[in-house]
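Written out below as structure tokens is the structure these notes cover.
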Amino acid sequence: MDYTISEASCSNLVREFIRTLASRVKHDIESGKPRLTLVDVVKLASEFIEKHGSCNTPLGSAYLVFLFGQLDSLNKIVFDKSMEAMSAHLENVVEEVYSILSLMLTRYALHEINLINNVAAILRSGMSLDNERVIRLLSIVEPFIFAAIARYLAVVYLVSVTPSERLSRMTVHLERVISGYMTEEERAFTAIKFYVNMAVAQAEPASGGSDAGEASEDNRGYPTET
């Protein structure tokens, strides 16, 4: 893939991909079942990249610095996105419904922020591993956190564009779907943490001197929200 897309074009790509995911989230809410899995999101991202291209990202050791910077940026905007989504309905839904939706999205946002912080901590703890293990770690962790945040952004985008009178009627299904998404992410993160703990325990102390930056060659160029 030729990473030559401008920053403005990258932002447009991100928005378009989130809208694509939002249509899948809408189907989940209509059925009341959280069918859009993390694996589904990664597959959709791969298909999207093949068709539209991907955002420009640095290579080599600079990629790890870039990745931590992206996680930090996401950490700062996640909560704001949920508040923006609800602001569109502030005067258009009854107070009880607004409170329920606000608490629901706040809980979801805090869940995602916690994931971001934990993923950043895992990546830092894994930097002492040898190159092969670091590459393996990135190949697991990066798609996971990308998929989780992308799905979250799709949910809040859908909430923001849904007519208020319709939103009031889908509260129960929305809560069911969001809970399902969070449960899947918690289970996936538990598995990732177990893998990292095992890898660190098995690694030799001397592996700390390896150049972890080479792991960035496995970067897949996912669209990244900034």
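The values are calculated or read from the model by the stated rules, or taken from the named source; none is laboratory data. Fair warning: this is a prediction, and the values are worked out from it, not measured in the lab. Using ideal geometry, Cβ is built from the backbone for each residue, glycine included, and neighbour counts are taken over all protein chains shown. Ligands, DNA and RNA are stripped out before the accessible areas are found, and what is left, the full protein with its side chains, is counted by its heavy atoms. Shrake-Rupley method; radii C 1.70, N 1.55, O 1.52, S 1.80 Å.
Before moving on, here are some points about what is shown:
- Heavy-atom accessible surface of segment 34-122: percent carbon and sulfur, 1.4 Å: 56
- Calculated from backbone phi, Karplus (6.51, -1.76, 1.60) coupling profile of segment 138-145 in Hz, x at Gly/Pro: 5, 5, 9, 6, 4, x, 4, 6
- Note that segment 178-187 has calculated 3J(HN,Hα) couplings of 4, 4, x, 4, 5, 4, 4, 5, 5, 5 Hz, one per residue in order, obtained from phi through the Karplus relation 6.51 cos²θ - 1.76 cosθ + 1.60 (θ = phi - 60°); glycine and proline are x.
- Most tightly packed first, judged by the mean number of other beta-carbon atoms within 10 Å of their residues, the peptides 99-108, 193-202 read 99-108, 193-202.
- For the residue pairs Lys51/Lys76; Lys43/Lys193; Lys26/Lys51, alpha carbon separations beyond 25 Å are given by Lys51/Lys76.
- Rounded accessible area per residue of segment 46-167, 1.4 Å, Å²: 45
- Separation of alpha-carbon centers, segment 29-53 and segment 180-200, rounded to whole Å: 20
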